[in-house]
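Notes for the one structure printed next.
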Amino acid sequence: MVTDNPDRFPRAPVRALQLVELLARYADGITLSVASKELRIPKTSTLQLLRALIQSGYLVHADGRYRLGLLSRRLALLIERHTAVHGVRSVLEALREQIGESVSFCVLDRTGIWVEHVEVVQSEKVVRYVIAPGTRRPLYCSSPGQILLAWQAPADVDRYLSRVKLDRLTPNTIVSRDQLLARLRDVRNNGFVVIDSEMTPDVVGAAVPVFDADGQVLAALAMGAPQRRGASHIDEYVAALRRSAAQLSAV
C-alpha cells in the first residue's frame with residue numbers, strides 16, 4: 001500500500017531545495033547560523049548541504065555569507081522558460097530583424113565550463129553564421145562565454161581557469177591567463193564584448209549581459225556574422241544587443 005508518509009523519503013534532496021529557495025529570498029546572502037535556524041536543522045547538517053551545493057556550483061561562499069551561484073540562476077531561467085520562452089524568442093526575432101544576423105540567448109551550462117545557446121534565431125541571409133539551439137561553446141573564447149565569465153566572482157574565475165586548458169582554436173584565440181583576465185576586466189567595464197575570429201575563423205561576434213531583478217547576470221545575448229560583412233557594423237550590433245538585453249532584463 002502506498003502512503004504519503006514523508007519519513008519514507010530521503011530528506012536531503014528536499015532540504016537542498018528548501019535551502020536554495022531560502023537563499024533566493026536574500027540577495028545579500030545569509031550566514032550558516034541563519035540558514036540553520038530557518039531550516040530548523042543542526043548547523044552540522046546545514047553545513048554539509050551548503051558545501052555540497054557550493055561544490056556543484058549552485059551556491060557561492062564569500063565574506064562569511066552564502067549566496068546563489070550561477071547554476072541556481074540558470075535553473076531559475078530554465079524553469080521560467082517554460083512560461084516565458086515566447087517572450088525571449090520574440091525579442092530575439094525582433095533583434096534579428098534589426099541587425100539581419102543570427103542571434104542567441106545563452107546561459108552557463110550545468111558543468112560551469114561551457115556556454116549553452118538555449119534559444120537561437122538564425123539570419124535569413126544566404127551567407128550567415130549558423131549555430132544550432134543547444135550548442136555549447138567554451139567560455140574563454142566565445143563572446144557570450146566571456147560575458148558570463150566577466151561577471152563571476154574572482155574565486156569562481158580562478159576555479160574555472162584551474163579546470164580548463166586555454167586551447168588555441170584560431171590564431172586570434174586568447175590563450176594567456178593574464179590576457180584573458182585583462183579582457184574580462186575590459187568586458188565588465190565596457191558592458192559588452194566584441195570578438196573577431198577568436199573561436200571561429202572569419203566570424204565576428206558580440207554579446208551583452210542580461211540581468212535578473214537583483215542586478216545579477218543571468219544570461220548573455222549574443223550575435224554572430226561573417227567577418228567581411230559584420231566587421232563594419234559592429235557598433236550597430238552592440239547598440240541593438242543592449243536595447244534587446246534591456247527588454248529581457250525588465251521581464
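Just so it is clear, none of the values below were taken in a lab; they were calculated from the coordinates. Since the model is a prediction, treat every value here as computed from it, not as a measurement.
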In deg cm²/dmol and to the nearest 500, what is the mean residue ellipticity at 222 nm of the chain if only DSSP H runs of at least 4 residues count, each as -39500 (n - 2.57), divided by the residue total? -14500 deg cm²/dmol
Given the options 192, 105, 211, which has the most mean-square fluctuation in a GNM of the chain, springs set between C-alpha atoms less than 10 angstrom apart? 211
Once you've got the GNM for the chain with C-alpha springs shorter than 10 Å, pick whichever of 70, 23, 221 has the biggest mean-square fluctuation. 23
Cα convex hull of the range 167-248, projected area averaged across orientations, nm²: 5.8
Degrees, to the nearest 10: 70-99 long Cα axis against longest axis of the chain: 20
Under 8 Å for C-alpha pairs, at least 6 residues apart: give me the relative contact order for the range 6-68, rounded to a whole percent. 37
Could you check which residue among 19, 39, 181 shows the biggest mean-square fluctuation in a GNM of the chain with a 10 Å Cα cutoff? 39
Against the longest alpha carbon principal axis of the chain, how many degrees, from 0 to 90 and to the nearest 10, is the axis of helix 177-190 turned? 90
Over all distinct Cα pairs, what is the inverse of the mean 1/r for the chain, reported as the Kirkwood hydrodynamic radius in Å? 19.4
Which value, in Å³ per residue, describes the convex hull spanned by the Cα atoms of the range 6-68? 79
Residues whose built amide H sits under 5 Å from the amide H of residue 218, excluding neighbours closer than 5 in sequence, are 210, 211, 212
Rounded to the nearest 10 degrees, what's the angle between the helix 12-24 long axis and the longest principal axis of the chain, both from Cα atoms, 0 to 90? 60
